[in-house]
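What follows is a single structure, written as structure tokens, with notes after it.
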Amino acid sequence: MAKITILGSGITGMSIASQLPKDSDITILGEFLPGDPMDQRYVSQWAGAIWLGVHTSTPREQKMQLGSFSELWRIAERYPESGARTIEMTEINDYGDKEQVWYQGKVPGFRFLEHHELPRGAKFGMKYQTIVITPPTFICWLRSRLEEQGVKFKRTFVRSLRDLKGMGHDVLINATGFGSVKLLDVEEKRIVPVRQQNIRIRNDQYNRLYIRRGGDGYYSTAFARGDGTVYIGGIKTEGESNFDAIVEQRNIIMRQQHENQPSVFPSPNPLDYDFITDHVGVFPMIRAENGGVRVEKQRLNGQNIVHAYGQEAGGYTFSFGLARQVAQYVNDYLAELPAATSEPIPSKL
């Protein structure tokens with residue numbers, strides 16, 4: 001039986017566990033665990049959580065995203081209690097080209113919008129079916145499923161991957177995200193924090209997923225989760241990791257959504273709605289020019305390591321597809337022959 005340790009208890013670590021051989025002895029370690037009180041440092045618990053194809057993706061990353069789409073779609077259809085559900089996406093783009101939309105024709109119901117369907121200033125747009133997730137519900141559901149399969153969860157804090165060598169695993173998976181910056185034997189310097197400020201309101205009548213991408217970092221989104229709340233964004237700022245909400249940004253967010261969907265959001269003032277909270281998250285990104293999402297093997301301190309991190313806010317978009325690549329690397333390690341020895345093997349005769 002293979003023994004595998006996963007450092008990182010977010011959506012990446014747990015989706016990896018779900019794709020490993022079922023007869024493995026798997027332990028997931030994390031400073032935070034599914035079911036904990038809400039904490040902005042627990043990125044997977046605090047994410048927006050939809051499947052949204054990343055336009056500037058390599059073919060390798062596109063394969064991961066589509067692999068995740070298929071698994072999330074299956075979960076949404078079979079397990080509504082998971083907090084994942086299918087929904088129609090309206091995606092508006094004020095810049096770029098249709099050719100960048102690599103997932104056209106690959107996700108259900110995809111079509112480009114006609115010119116008369118586009119708002120003023122938009123270059124192109126599309127509709128398609130995708131998945132929206134309520135993260136606190138989903139990660140607890142996934143933990144329960146994994147525990148039913150024998151996966152163990154343990155709370156821990158480590159300063160380096162070397163600290164875990166004594167666990168006796170065949171493979172150690174590093175799915176720590178921001179933790180990879182501080183691990184003493186990793187010290188990932190390519191990760192850039194990306195701060196996203198959003199808001200959440202309560203509106204159980206809204207059942208849409210709308211995104212508009214503009215120049216100079218503009219994006220406006222409003223999508224209905226399955227718990228009667230609407231996640232509205234947002235302001236993205238690279239290089240910042242401050243979790244404090246900025247009132248001016250809150251007002252900008254609501255004004256943008258009012259301008260995009262005035263029939264649904266008739267007021268630009270967020271306090272005119274059943275306002276729940278500001279929703280500020282910070283996500284770890286590795287820019288494309290620095291290699292993009294890191295999924296690779298490394299032998300380190302006598303351990304077989306697989307690294308898996310750097311998706312920014314795309315943890316759910318990459319999740320199960322990235323996990324399949326990690327599982328392949330794990331199988332590569334497990335298929336290796338034992339090191340040759342110069343000592344003769346004693347005969348049993």
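So, of the residues in region 197-214 that are farther than 16 Å from VAL264 by Cβ and not basic (Lys, Arg), which turns out to be surrounded by the fewest Cβ atoms within 10 Å (Cβ to Cβ)?
Of everything passing the filter in region 197-214, GLY214 is surrounded by the fewest Cβ atoms within 10 Å (Cβ to Cβ).
Can you run down the residue pairs with Cβ atoms below 6 Å, 6 or more apart or on separate chains, where the first is in region 310-321 and on the phi > 0 side of the Ramachandran plot and the partner is not in a loop (DSSP other than H, G, I, E, B)?
Filtered contacts from region 310-321: GLY310/ILE286; GLY310/ARG294; GLU312/VAL194; GLU312/PHE283; GLU312/MET285.
Looking at GLY217, GLY177, GLY234, can you tell me which residue is in a loop (DSSP other than H, G, I, E, B), buried (at least 20 other Cβ atoms within 10 Å of the Cβ) and under 22 Å from the mean Cα position of the chain (by Cα)?
Every option except GLY177 fails the conditions.
Any residue that is in contact with a Lys or Arg (Cβ under 7 Å, 6 or more places away or on another chain) and at pLDDT 95 or above - is there at least one of those in region 282-302?
There is no residue in region 282-302 that is in contact with a Lys or Arg (Cβ under 7 Å, 6 or more places away or on another chain) and at pLDDT 95 or above.
Kindly indicate whether any position in region 44-65 is in contact (Cβ under 8 Å) with a residue 60 or more places away in the chain and in a strand (DSSP E or B).
Scanning region 44-65, I find at least one residue that is in contact (Cβ under 8 Å) with a residue 60 or more places away in the chain and in a strand (DSSP E or B), so the answer is yes.
So is SER241 free of Cβ contacts under 8 Å to residues at least 24 places away in the same chain and exposed (fewer than 15 other Cβ atoms within 10 Å of the Cβ) or not?
Details: free of Cβ contacts under 8 Å to residues at least 24 places away in the same chain: no; exposed (fewer than 15 other Cβ atoms within 10 Å of the Cβ): yes.
So SER241 does not fit the description; no.
Which residues, counting only those in region 220-231, are among the charged types (D, E, K, R) and surrounded by 20 or more Cβ atoms within 10 Å (Cβ to Cβ)?
ARG225
State which residue is nearest to VAL43 (Cα to Cα) when the search covers only region 253-266 and only residues that are surrounded by fewer than 18 Cβ atoms within 10 Å (Cβ to Cβ) and out of contact with any helix residue (DSSP H, G or I) (no Cβ under 8 Å at 6 or more places or on another chain).
ARG255
Among the listed residues ALA49, ALA84, which satisfies the condition of being modelled with pLDDT of 95 or more and in contact with a strand residue (DSSP E or B) (Cβ under 9 Å, 6 or more places away or on another chain)?
Criteria check complete, one pass: ALA84.
The values are calculated or read from the model by the stated rules, or taken from the named source; none is laboratory data. Please read all numbers here as calculations on a predicted model, not as lab measurements. FYI the Cβ positions are ideal-geometry reconstructions off the backbone, even for glycines, and counts take in every protein chain you see.
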